[in-house]
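Let me begin by presenting the structure, written as structure tokens, before commenting on it.
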Amino acid sequence: MNKLEVPAKFDRAARGYDFLVGLNPGYHQALRLSARALGLRPGMRVLDLGCGTGASTAALVAAAPGVEIVAVDASAGMIARAREKRWPATVRFVHSRAEDVDEGEFDVVFAAYLVRNLPEPDATLTRIKALLRPGGTLVLHEYSVRDSLTSTALWTLLCGFIVPAGWLVTGDRSLYTYLWRSVMDFDGATALRDRLRRNGFVGVRSAPLPGLQLGVVHTFRGHVPEQEQR
């Protein structure tokens, strides 16, 4: 399975996705912690990239009720599942690849579990930067284990439960085997911070999130320069 196949795989997994993430008691709490790192204020316009069935969108709504949120995902099945839920009038869902988003400028971009799945992460990060206003903020909520043998071992241990559970619920083992391998192959935290800087973000920093997946899931934050030329 390659990254170009990921949206179609999630189309088929969408119905069981909420049940699976619900088995992880810290999943939604971790998303809320990352959403708070955006420093949202009334009147801001937020892009939620890779929104899936709306878990990251719900974290944004909880962090700042009333902000305008455009939630985007490349999987039609995940977007359809998200739209079935009740949302404030300030939330809108769009079926699109991250690379193709054309929804104007944003004050902040939130991307949960996205960059690791992108066929061309650098090109997409450059596109994300262009969607942000000068001084705008990007927060990534992402798995990153390669800097730590302990975190790598913990991730493999967790996948001993995740892979068979995903297979049982969705009937598709390949998606969850891909999940394990994609995290193992992805940037360590240092490399991902460097990737953000290389693509024009400043003030880049990251922190591991607490809980069961300590050292596995991190919040990454960066900004577009205040004097960015358009």
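The table below lists the values:
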{"quantity": "Q213 vs. criteria outside any helix (DSSP H, G or I), out of contact with any Ser or Thr (no Cβ under 8 Å at 6 or more places or on another chain) and surrounded by 17 or more Cβ atoms within 10 Å (Cβ to Cβ)", "calculated": "yes"}
{"quantity": "Verdict on T170 being in contact with a helix residue (DSSP H, G or I) (Cβ under 8 Å, 6 or more places away or on another chain) and open to solvent by 30 Å² or more (accessible area, probe 1.4 Å)", "calculated": "yes"}
{"quantity": "Long-range neighbours under 6 Å by Cβ, at least six apart or interchain, first residue at pLDDT below 90 within segment 26-37, second part of a helix (DSSP H, G or I)", "calculated": "Y27/V21"}
{"quantity": "Answer from S96, S56 - the residue that is open to solvent by less than 30 Å² (accessible area, probe 1.4 Å), without any contact (Cβ under 8 Å) to a residue 60 or more places away in the chain and either over 14 Å from the mean Cα position of the chain (by Cα) or closer than 17 Å to L140 by Cβ (or both)", "calculated": "S96"}
{"quantity": "Only listed residue being within 15 Å of V204 (Cβ to Cβ), of a type in the set (A, V, I, L, M) and either modelled with pLDDT of 95 or more or in contact with a helix residue (DSSP H, G or I) (Cβ under 7 Å, 6 or more places away or on another chain) (or both), chosen from L125, L114", "calculated": "L125"}
{"quantity": "E105 being farther than 21 Å from S34 by Cβ, of a type in the set (D, E) and either under 15 Å from the mean Cα position of the chain (by Cα) or open to solvent by 50 Å² or more (accessible area, probe 1.4 Å) (or both)", "calculated": "yes"}
{"quantity": "Selected residue (criterion: most open to solvent (accessible area, probe 1.4 Å)) from residues of segment 24-44 that are touching a helix residue (DSSP H, G or I) at 6+ places or on another chain (Cβ under 8 Å) and not hydroxyl-bearing (S, T, Y)", "calculated": "R36"}
{"quantity": "Pick from segment 186-197, criterion among the charged types (D, E, K, R) and touching a residue at least 12 places away in the same chain (Cβ under 8 Å), ranking: surrounded by the fewest Cβ atoms within 10 Å (Cβ to Cβ)", "calculated": "R197"}
{"quantity": "Qualifying residue in segment 200-210 (condition: of a type in the set (K, R) and surrounded by 14 or more Cβ atoms within 10 Å (Cβ to Cβ))", "calculated": "no"}
{"quantity": "Verdict on D194 being part of a helix (DSSP H, G or I), at pLDDT 85 or above and among the acidic types (D, E)", "calculated": "yes"}
{"quantity": "Residue list for segment 99-117, restricted to those being in contact (Cβ under 8 Å) with a residue 60 or more places away in the chain and either hydroxyl-bearing (S, T, Y) or farther than 11 Å from L140 by Cβ (or both)", "calculated": "E105, F106, D107, V108, Y113, N117"}
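Matching residues to (1) polar (S, T, N, Q); (2) more than 24 Å from H218 (Cα to Cα); (3) out of contact with any Lys or Arg (no Cβ under 9 Å at 6 or more places or on another chain); (4) open to solvent by 20 Å² or more (accessible area, probe 1.4 Å):
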{"position": "D100", "(1), (2), (3), (4)": "no, yes, no, yes"}
{"position": "A123", "(1), (2), (3), (4)": "no, no, yes, yes"}
{"position": "T126", "(1), (2), (3), (4)": "yes, no, yes, yes"}
{"position": "K129", "(1), (2), (3), (4)": "no, no, yes, yes"}
{"position": "L140", "(1), (2), (3), (4)": "no, no, no, no"}
{"position": "S151", "(1), (2), (3), (4)": "yes, no, yes, no"}
{"position": "L157", "(1), (2), (3), (4)": "no, no, yes, yes"}
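The values are calculated or read from the model by the stated rules, or taken from the named source; none is laboratory data. Because the structure is predicted, anything quoted here is derived from the model rather than measured. Here the Cβ is made from the backbone with ideal geometry for all residues, glycine too, and neighbour counts use every protein chain on show. Note: areas computed on protein heavy atoms with side chains; ligands, DNA, RNA excluded. Shrake-Rupley method; radii C 1.70, N 1.55, O 1.52, S 1.80 Å.
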